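Working notes, structure below.
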Amino acid sequence: MSIVVDPETGQLQSERRSGLANTHIIWHADQLLALEEGSHPFTLSPKTLDSEGYGHYANGLSGPMTAHPKIDPITGELHGFGYMSDALGSAGMSYHVVDQQGVVTRSDTFTAPFAAMVHDFAVTRDYVLFPLFPLTFDFKRMEKLGSPFAFEPQAGAVIGVLKRGAPVSEIRWIEAPVCFVFHYLNAWNEGERITFDAIDFAVAPNFPDTDGNLPRFAEAQGTLTRWRLDLATCAVERTPLLDLACEFPRIDDRYAMKQHTQAFLATASQRQRGDGGLFHEVTHLNLESGATQVWDAGLGNGVSEPVFVPRHASADEGDGWLLATVYEATSQASSLVILDATAVSQGPIATARLDHRIPFGFHGSWRANE
Ligand SMILES: [Fe+2]
C-alpha cells in the first residue's frame, strides 16, 4: 500500500511511489526519469523504455519531487523541490539537490507560510526561489467544491529565496503580487537583483475560487511576464513581455540559470476562433529586439510545448530546431513537427505523421544520441 493514514494524526501519508509519472521526462546522471510532482522520479530504460521503477534515489528524497527540476549546465547538479512533503494538505516543503553522478546531496524539509500547490520554481547561479501563490488546500472544500484546491487571494503570495548552498533555515519569504503561475521560463541574478520570466495568470486557471466560481475566460489567459526582485529592498516589479495568450515556455537550456535572450512558447493569438481552447501556434520571441516569429498549426489543431535542440554544442543561443507535437482535428491524428528555431514562421521543415492521436501531454526533453 502506498498511501497510509497516520494513526496518531489522521494525516494521509504516502511513500511517493504511486504516481502517474506523466508530467515531464528528463535525462540526468545517465538516467531517463519520468516525473510527476506528487511522487519520486520514475526510472525508464533509455534503450527500451521498459519501466525500472522508483528506486533510483533509494530513500534519499524527503517527500516528492517536482516535475520541473532545474539542471545546472555548469555543475551538472539537479535542483528540485517538493510540496506537501510530509502529508497531503500540509505546508511542509522540501529542497533537493542531486549531483551530476545522481547522488542526492541534500533533501531538506522546511515549512512554507501556507499549504499551496506549487508546480514549478526557479534557480539562478546564486539563488533558489520558491514562489507560492494562493492555490490553497482544504479537505473541507470537497463537499461544496468537488476539489480540495481553490484559489484564495486573501492567503497572499510570497517568494521564498534561498542562497544556493545555505541551510533552509535561511529562506526569506518576500511578499509578492497575488496572481498565479504554473511555469517559469528561466531565472538569473546580478548580485542581489534577481530576474525571472513566468507565465502569469490573474487567477489559477481550471480551479474554482473558495465560493466555487470557475475563472472567466479573460482571467484564464497566461501572459509571459518579467519579474524583478531586489533582495536589498524586497521590491518586486512585473513587466509583460508578450501580448499573446501563452503557456509552456522553453529556452535554450544551455542558458539555464543565466540571462537568456530567446524564448519559445505555445501561443494562441486567436483564442476564441474555435480551437476549443487549444494553443494553435508555436512562437519564438527574441527578448532583445522584441521580434516574434509565429507558426500557426491551423484551425482546430493544437500544439504542444516546443522543445529546443541546439544545432551543435557551440551554436549561438537559439540557433537550432524546435520539436513539438501537433494534434490535427480533421485527421484526428498527431504528428511531430520540426521547426527551424531561427525561422519559425516558415513552418515545419519536417513532419513525422502518425496514424493515431497522441494524448495531450505536458513537457518533454531532447537528448542527443551518443
Ligand atoms: Fe508543468
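Selection of segment 179-207 for residues being part of a strand (DSSP E or B), away from the ligand (no atom under 14 Å from the Cβ) and among the small types (Gly, Ala, Ser) yields only Ala187. Among the residues of segment 342-366, those that are away from the ligand (no atom under 16 Å from the Cβ) and under 21 Å from the mean Cα position of the chain (by Cα) comprise Ile358, Trp366. Elements of the type strands (runs of 3 or more DSSP E) sitting completely within segment 208-275 and holding at least 1 residues that are among the acidic types (Asp, Glu): these cover 223-230, 235-240, 245-250.
Quick grid of which residues meet (1) at pLDDT below 95; (2) closer than 23 Å to Asp355 by Cβ; (3) assigned by TED's automatic domain parsing to the domain that holds Ala350:
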residue	(1), (2), (3)
Gly277	yes, no, yes
Asp296	no, no, yes
Leu299	yes, yes, yes
Phe308	no, no, yes
Trp321	no, no, yes
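Criterion applied to Lys140, Lys144 was being part of a helix (DSSP H, G or I) and touching a residue at least 40 places away in the same chain (Cβ under 8 Å), and the one residue passing it is Lys144. Taken over segment 3-42, the criterion of being in contact with a strand residue (DSSP E or B) (Cβ under 6 Å, 6 or more places away or on another chain), at pLDDT below 95 and hydroxyl-bearing (Ser, Thr, Tyr) is satisfied by Ser14 alone.
This table checks each residue for (1) more than 16 Å from the ligand (Cβ to nearest atom); (2) open to solvent by 30 Å² or more (accessible area, probe 1.4 Å).
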residue	(1), (2)
Phe81	no, no
Ser85	yes, no
Tyr95	yes, no
Gln101	yes, yes
Val104	yes, yes
Thr111	yes, yes
Val123	no, no
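Checked against the criterion of being touching a helix residue (DSSP H, G or I) at 6+ places or on another chain (Cβ under 8 Å) and away from the ligand (no atom under 16 Å from the Cβ), the candidates Leu278, Leu322 yield just one match: Leu322. Checked against the criterion of being touching a helix residue (DSSP H, G or I) at 6+ places or on another chain (Cβ under 9 Å), within 16 Å of the ligand (Cβ to nearest atom) and under 17 Å from Val203 (Cβ atoms), segment 148-159 contains one or more residues that satisfy it. Taking segment 51-78 as the range and being free of Cβ contacts under 8 Å to residues at least 60 places away in the same chain and part of a strand (DSSP E or B) as the test, the residues that pass are Ser51, Glu52, Gly53, Leu78.
Just to be sure, is Phe130 surrounded by fewer than 21 Cβ atoms within 10 Å (Cβ to Cβ), part of a strand (DSSP E or B) and hydrophobic (A, V, I, L, M, F, W, C)? Judged against the criteria, Phe130 is not a match.
Just checking, does segment 60-73 include any residue being among the polar types (S, T, N, Q), more than 18 Å from Glu15 (Cβ to Cβ) and open to solvent by 20 Å² or more (accessible area, probe 1.4 Å)? No; the residues of segment 60-73 include none that is among the polar types (S, T, N, Q), more than 18 Å from Glu15 (Cβ to Cβ) and open to solvent by 20 Å² or more (accessible area, probe 1.4 Å). Kindly indicate whether any position in segment 147-157 is in contact with a strand residue (DSSP E or B) (Cβ under 6 Å, 6 or more places away or on another chain) and open to solvent by 60 Å² or more (accessible area, probe 1.4 Å). No.
The values are calculated or read from the model by the stated rules, or taken from the named source; none is laboratory data. Predicted, not measured: the structure shown is a model, and the values here were computed from it. Cβ coordinates were reconstructed from backbone atoms using ideal geometry, including for glycine residues, and neighbour counts include every protein chain displayed. In case anyone asks, the SASA skips ligands and DNA or RNA and just uses the protein heavy atoms, side chains included. Shrake-Rupley method; radii C 1.70, N 1.55, O 1.52, S 1.80 Å.
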